1. Starting from segment 155-181, take each residue that is open to solvent by 30 Å² or more (accessible area, probe 1.4 Å) and list its partners that are modelled with pLDDT under 95 and charged (D, E, K, R), counting only C-beta distances under 8 angstrom and pairs at least six apart or across chains.
2. Consider only pairs whose beta carbons are under 9 Å apart and that are at least six residues apart or on different chains; among these, list those whose first residue lies in segment 48-64 and is farther than 16 Å from ALA96 by Cβ and whose second residue is open to solvent by 80 Å² or more (accessible area, probe 1.4 Å).
3. What number of residues within segment 96-116 satisfy the criterion of being touching a helix residue (DSSP H, G or I) at 6+ places or on another chain (Cβ under 8 Å), open to solvent by 10 Å² or more (accessible area, probe 1.4 Å) and in a loop (DSSP other than H, G, I, E, B)?
4. Can you tell which of VAL149, VAL124, VAL144, VAL119 is over 15 Å from the mean Cα position of the chain (by Cα) and outside any helix (DSSP H, G or I)?
5. What number goes with the only condition from (1) hydroxyl-bearing (Ser, Thr, Tyr); (2) open to solvent by less than 20 Å² (accessible area, probe 1.4 Å); (3) within 18 Å of the chain's Cα centre (by Cα) that THR50 does not pass?
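The values are calculated or read from the model by the stated rules, or taken from the named source; none is laboratory data. Here the structure is a predicted model, which is why all the values come from computation and not from measurement. So basically every Cβ, Gly included, is an ideal-geometry build from the backbone, and we count neighbours across all protein chains shown. Surface areas here come from the heavy atoms of the whole protein model, side chains and all, with no ligands, DNA or RNA. Shrake-Rupley method; radii C 1.70, N 1.55, O 1.52, S 1.80 Å.
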Amino acid sequence: MTATRWSIVIPAFNEARRLPPYLDDVVAFFEGRGEPYEVIVVDDGSTDDTPALVEARARELASVRLLRRPANAGKGAAVRAGMLAARGAYRLFTDADGATPIAELKRLEPALVAGADVVIGSRVLADPSVSVSARPHRVAAGRVFNWLVARLGLLSVADSQCGFKVFTADAAERLFARLRTRGFGFDVELLLTAEATRLRIVEVPVNWADQPGSKVGVLRHGPGMLWQIVTARVRMARRR
């Protein structure tokens, strides 16, 4: 049996409209590479046609599979389930809206080949070869959020929240087995744990475009995300 080289984990909650075109892009990208891969869509208790659409695609292509969760538990819980179910030597999670094109993986790969354990896409690092398109209020909120995250101890990463991160299999299993944050603030706990366990993290600028229909609201989810991060920080301090 050929070993799986790439696992792509896509968390999805009521993404019947946005997911199908991005899923097709992901499949086309990896089919063109000729490497063994799998795409795991983790349905986080959707109430729309998301599961049915993914199941239809999975019947057409063996590399696509659906992992269903019975109730909505949060993005962190969904990504954790997908990463721990993955079989790939490299494991990427990416958002269902396709804000970061799947072809941006080519920017992250060199750092993996060079020995990084975790490589994350960044919308903050300056690079003339990339374009970041975001609404002004989201840019401002992101800067404030990243500043607060730095004050809480994550000093080595400029953009913790970009939903485009790849891990070696060993790093994924070590980090996601310990992950306890179930909501949108899970990225910070992951990266804090990676720092604490001395994994090599590399941040790479990527193209990114804000998509309509975002599930994350600045005012609706911001305070909760900060609370999740503070809770994770306290939990890690007690663990040490």
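1. Note: pairs meeting the criteria are SER156/GLU195; GLN161/ASP187; ARG180/GLU189; ARG180/ARG235.
2. LEU61/GLU31; SER63/GLU31
3. 3
4. VAL124
5. Unmet for THR50, out of (1) hydroxyl-bearing (Ser, Thr, Tyr); (2) open to solvent by less than 20 Å² (accessible area, probe 1.4 Å); (3) within 18 Å of the chain's Cα centre (by Cα): (3).
Rundown of residues vs (1) hydroxyl-bearing (Ser, Thr, Tyr); (2) open to solvent by less than 10 Å² (accessible area, probe 1.4 Å), yes/no style:
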{"position": "GLU35", "(1), (2)": "no, no"}
{"position": "GLU38", "(1), (2)": "no, yes"}
{"position": "ASN72", "(1), (2)": "no, no"}
{"position": "LEU92", "(1), (2)": "no, yes"}
{"position": "SER122", "(1), (2)": "yes, yes"}
{"position": "ALA126", "(1), (2)": "no, no"}
